[in-house]
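Read through the structure below, which is laid out as C-alpha cells, and then see the notes.
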Amino acid sequence: MIHTGNRRNMVSFIIKPLLIALLLFSLFGLVWLRSHVVTLEYNLSDLEKKKIECLKERKTLLAEKANILSFGKVETSLRRNYGFVFPERVRVIHVKRQKEPLPYKASLDKKRLIEP
Amino acid sequence: MNKKRAIILSTVIIFSFFAVYLRLTDLMILSHKRLSEKAKLQHIKVEDIHVRRGIIFDRRGRELALNLELESLYCDPESLNLDNESARRLATVMSKEPKVILAKVPKEGRFAWIARKLEDDTAEKIKRLNIKGLGFLTEAKRFYPKGELTSHILGFVGVDNQALEGVELKYDKYLKTQGGKVFFGRDASGRTLSSGVDIEAKGNNVVLTIDEGLQGIVEKELDKAMVRWRAAAASAIMMDPFTGEILALANRPSYNPNSPGSVSSSDRRNRAITDCYEPGSTFKIIIGVASLEEKMAKQDTLFDVSKGSIDAGGKTIRDVHKYGILTFKEVIQKSSNVGSITIGMKLGKERIYKYAKLLGIGEKTGIDLPGEVSGWIRPPEKWSGTSIGAIPIGQEVAVTPLQMLRAYSAIANGGFLVRPHVVSEIISPDGQVLSSLRDKEKKQIISSKTAETFKDILKSVVEEGGTGRSASIEGDEVAGKTGTAQIINPKTKRYSKEKYVSSFIGFVPADNPRLAIIVVIYEPKGQIYGGVVAAPVFRDIANQALSYLNIPRGKDAYEIPLLIAR
C-alpha cells in the first residue's frame, strides 16, 4: 500500500509540473502564433502596397506602349527614318503556299504514293 | 490600533474595488456601444474599392482606351497650414496662380479637392514641399493612347470617369462596374494589415470591329482631302458589306478625347451618323434598284435624254451635258438627271418611296453609337409638285453617310440589309467572352439578281465614260457612284451656288466585295464634283486598305505555286 502511494505521489510529482509546463507552452505558442500571423499580415500588407505600385507602373507602361505602337506613329517613323512605304498593289506578288511534299515510303497505300 | 488600521485599509480596498467595478460597469455596459464604435474607428480603416473602367480594344486586340493611375491632391482645411509662401511654392509647382489655389480651400470642413489627376512628377514635387494638411488619393484617369484616332467612335469620359460620348457612353453598363468598401485592420501607428481582398474592381472589356490600321489610313486620307479641297468638314466610313462591321469611321474636324474640352462641341459631333445631307446622285441607287426589281427596265433599255432638260412640276432640271439617247446602264453611269427623273416618273412616287424605305432611307440604321439620326424622306402624300423631279436625283431627302453606305452594301452583298455595328464582343476582365454582338440574321430586301445587275452598272461608273473614273484601282474592279449636291443656304432657304457636298460610295473588289466605303466632303473649294473631289479619296483609301489587308488583286493577279519545305 505504501509502495502504491509513493508511486501515485511520484506520478503527480511529474505530471503536475508537466501539465503546467504544457499549459504555459501552449499559451506561449498561441501568443507566438498570433504575433507571427500579425507580422505576416503586415508583410502581406506591404506586399499589397508594392503590388499596387507595380500595377500602377504596368498601366503606365502599357499606355506608353500603346501610344508608341500607334499605327500612325509607326508608319510615320518607318517612312521618315527608313523610307518604308505602303507597297503599290501592282508590285505585290501573292505566293500561294502549298503543303510540303511528304517523303515517299514503302507502302501499298495508293493515296500516299500519288502525293507529290 | 492595528485593528483600526486594518479596518481603514480594508475599507479603502473595498472602496477602491468598488470604484473599479463602477468604472468597469461604465466601460463594459453603459458606454459599451459608444466605446466599441470608437475602437472600431481607431482599429479599422475603410477604403473605397478602386473602380476601374474596362479597356476598349480594336479588332486585333490593340488598346484604344485604358486607365492610368494618377494622384489627386486634396486638403483638410482644418489642419491645413498654407501660408502665403507655401501657397506661392505650391502654385509654382502646379503652374497656377496662388489665388486660384487658395480659392479652392474652403474655410471649414475636412475635405476639398485642390487638383485632380496630377502628372506623376508634379505630384512628387508637391509631396516634397511637405505642406501639412495636404494629401493625395489615387484616381483612375481614362487615357486614349492613339490620340485623335477613332475619337468619334470611342467618345470620352468626364473628370469622375462618367461616360459622356461614343462607345464609352453606349456601352457604359458593361465598361463600368460596382464599387464597394474594403476593411483593413490597423495599429496605433497607422500601419495596415492585409485585408486579403482585391482592392480593384474592373469593368468588362469591349472589343471593337474597328481596325486601328484601317482607321489610320482613313483618317490620314481625310486629312489630306481637307487640306487639298479646303473643305469645311468630311466624313468617311469603311464597312464589311456582308456583316455590317464598321472597320473605320472618321470625321473632320476631329478632337483629342484626352482633352475634349479644348474644342467646340461641333467638332466632337460624329457627323457620319448625326448629320444629314442631301445625297445628290448617289441616291439614284433607289430608282435604279426599284426599276430593276419592278422589271421596268433592263440594262439596255433606252431612254431619250437628248433634250438635256426635263420639266417637273414647273421646275426645269438639266443635265451637265446633252447625252442623246442613253441605255438604263448609261443613265446611271453618266449620272444623267434627265434620265433618272424620267425613270422616276415612270416608277411613280409610291414605288420610289417604298424602295427608299426598303433600302433604309429615313430609318435609323441601329448602329451601336449614341446620337444617330434617322434622316428624312417625305411620304408620297406630302410630296410637292416638284418632288418627282427632285427626289430621284437625291434632293428633298436627307440622309446620313452611314445610311447611304448601308444601302450600297445591300448591292455588294447580294441584297441583304445589314445592321452596322462597332462592337463585336464584351469580354470579362479575366478574358471570358460574355457576349458576342455579331448579327446572325439578315433581312433580304432585294433579289440577288437585281443586286448583281446593279453591281454591273455601278462597275461601269468607275470605267471609261463613267463619272467615277478617278476611283478606279489598278488590278481591281471597283463598283461605286459619285454624288454632288448643293447645300441649302439657311439664310435664303435656297440652294447655295457655292456650297456643295461631294461624295463617293463604292465597294471593292467589285465581284467579291471586302470593303464598302463612303467618302463625303462638305463644301470643297475649287472643285465640286464627287468624281473629282471624293472619288480619288476613295481610291487612295481602298488601295492602301487592300494592301494592308493583304488581299490579292482580282484582275491580272498571278500566283506562283511555291513548294515550301520546313
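Which residues, counting only those in segment A:80-96, are more than 7 Å from chain B (Cβ to nearest Cβ) and in contact with a helix residue (DSSP H, G or I) (Cβ under 6 Å, 6 or more places away or on another chain)? The one that is more than 7 Å from chain B (Cβ to nearest Cβ) and in contact with a helix residue (DSSP H, G or I) (Cβ under 6 Å, 6 or more places away or on another chain): A:F84. Among residues that are away from every other protein chain (no Cβ under 12 Å) and part of a loop (DSSP other than H, G, I, E, B), B:S254 is included.
Of B:G158, B:G180, all but one fail to be more than 14 Å from every other protein chain (Cβ to nearest Cβ) and in contact with a strand residue (DSSP E or B) (Cβ under 8 Å, 6 or more places away or on another chain); the exception is B:G180. Restricting segment B:183-198 to residues that are of a type in the set (A, V, I, L, M, F, W, C), more than 7 Å from chain A (Cβ to nearest Cβ) and in a loop (DSSP other than H, G, I, E, B), the residue that is surrounded by the most Cβ atoms within 10 Å (Cβ to Cβ) is B:V197. Among the residues of segment B:49-67, those identified as more than 9 Å from every other protein chain (Cβ to nearest Cβ), over 16 Å from the mean Cα position of the chain (by Cα) and either closer than 19 Å to A:I68 by Cα or aliphatic (A, V, I, L, M) (or both) are B:I49, B:V51, B:R60, B:G61. The number of residues in segment B:74-99 that are under 25 Å from B:G158 (Cα atoms) and surrounded by 12 or more Cβ atoms within 10 Å (Cβ to Cβ) comes to 8.
All conditions in (1) farther than 28 Å from B:I457 by Cβ; (2) out of contact with any His (no Cβ under 9 Å at 6 or more places or on another chain); (3) crowded, with 23+ Cβ neighbours inside 10 Å hold for B:I393, with the sole exception of (1).
Looking across A:E57, A:E53, one residue alone is within 30 Å of B:I210 (Cβ to Cβ) and either away from chain B (no Cβ under 11 Å) or in a helix (DSSP H, G or I) (or both). It is A:E57.
Note on segment B:214-251: residues that are within 14 Å of chain A (Cβ to nearest Cβ) and not in a strand (DSSP E or B) total 11.
In this structure, B:K440 does not satisfy being modelled with pLDDT of 95 or more and either in a loop (DSSP other than H, G, I, E, B) or touching a helix residue (DSSP H, G or I) at 6+ places or on another chain (Cβ under 6 Å) (or both). Restricting segment B:173-203 to residues that are of a type outside the set (A, V, I, L, M) and within 18 Å of the chain's Cα centre (by Cα), which is nearest to B:V157 (Cα to Cα)? It comes out as B:K176. Give segment B:475-513 a look and list any residue that's surrounded by fewer than 24 Cβ atoms within 10 Å (Cβ to Cβ), outside any strand (DSSP E or B), touching a residue at least 12 places away in the same chain (Cβ under 8 Å) and at negative phi, or say none. B:E477, B:P509, B:A510, B:D511, B:N512, B:P513, listed by residue number.
For segment A:76-86, state whether one or more residues are over 30 Å from B:L193 (Cα atoms), under 37 Å from the mean Cα position of the chain (by Cα) and either modelled with pLDDT under 80 or surrounded by 10 or more Cβ atoms within 10 Å (Cβ to Cβ) (or both). Yes - at least one qualifying residue is present in segment A:76-86. Counting residues in segment B:451-458 that are assigned to a helix (DSSP H, G or I) and among the polar types (S, T, N, Q) gives one or more. The set of residues in segment B:514-524 that are surrounded by fewer than 24 Cβ atoms within 10 Å (Cβ to Cβ) and closer than 18 Å to B:G280 by Cα comprises B:Y522, B:E523. Scanning segment B:332-365 for residues that are hydroxyl-bearing (S, T, Y) and either closer than 19 Å to B:G280 by Cβ or in a helix (DSSP H, G or I) (or both) yields B:S335, B:S336, B:S340, B:T342, B:Y353, B:Y355.
The single condition among (1) surrounded by fewer than 16 Cβ atoms within 10 Å (Cβ to Cβ); (2) closer than 23 Å to B:S79 by Cα; (3) modelled with pLDDT under 90 that B:W113 does not meet is (3). Considering only residues in segment B:440-474 that are of a type in the set (S, T, N, Q) and over 31 Å from the mean Cα position of the chain (by Cα), the one that is surrounded by the fewest Cβ atoms within 10 Å (Cβ to Cβ) turns out to be B:S448.
The values are calculated or read from the model by the stated rules, or taken from the named source; none is laboratory data. Please read these numbers as outputs of a predicted model, since none were measured by experiment. Methodologically, a virtual Cβ is constructed for each residue, glycine included, from the backbone with ideal geometry; neighbour enumeration extends over all protein chains shown.
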